[in-house]
Amino acid sequence: MPGAKKPSVLDVVHRTCKQVVELHQGVSINQQAVQQYAAQLEAAAVRAAGAKGNAFPIKFESLEAEVTFLCLYHLLDFGSGYEQLLQDSSRRGAAETVQYGCFGLALSAKRYELLVIIY
């Protein structure tokens, strides 16, 4: 619909999680357990773990752009079964090939969209 506000990546993730819970009755979230877990976390330790986990040398224009990049990166970074094929063709392993591809996409200044496949 022209002029309609496009949902953000975070809106799409929220909607998709809600659909999973609605479609699969065995899936549930124990809110009390989530609260207990969150209460035991130390903010400084969480920030430190995040800083050393996937610190990519890219300055993102927004949180949504960073989340989109990380989602795309992790969606593509599944291919350990393709390790040898990628090694033979590009002289890089699967993780490094995906990383180079995502960097190229992010740095090319082209917009990338998170595609949601609904079955």
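For this structure, a couple of remarks:
- Extending 7 Å from Cα along the Cβ direction at HIS14 and again at LEU41 yields two label points whose distance is 1.7 nm.
- Computed from backbone phi with θ = phi - 60° and the Karplus coefficients 6.51, -1.76 and 1.60, the 3J(HN,Hα) list for region 39-46 is 5, 7, 6, 9, 3, 5, 5, 5 Hz; x is used for glycine and proline.
- Residue-wise HN-Hα couplings along region 88-96, as the Karplus relation 6.51 cos²θ - 1.76 cosθ + 1.60 with θ = phi - 60° gives them from phi, are 5, 8, 10, 6, 10, x, 4, 4, 5 Hz; Gly and Pro carry x.
- Note, ³J(HN,Hα) from phi for region 26-32, Karplus 6.51, -1.76, 1.60, rounded to Hz, x at Gly and Pro: x, 8, 8, 10, 7, 4, 5
All of the numbers you see were taken from the coordinates with simple rules; none came from a lab. Please read all numbers here as calculations on a predicted model, not as lab measurements. For neighbour counting, all protein chains shown are included, and Cβ atoms are generated from backbone atoms with ideal geometry for every residue, glycine included.
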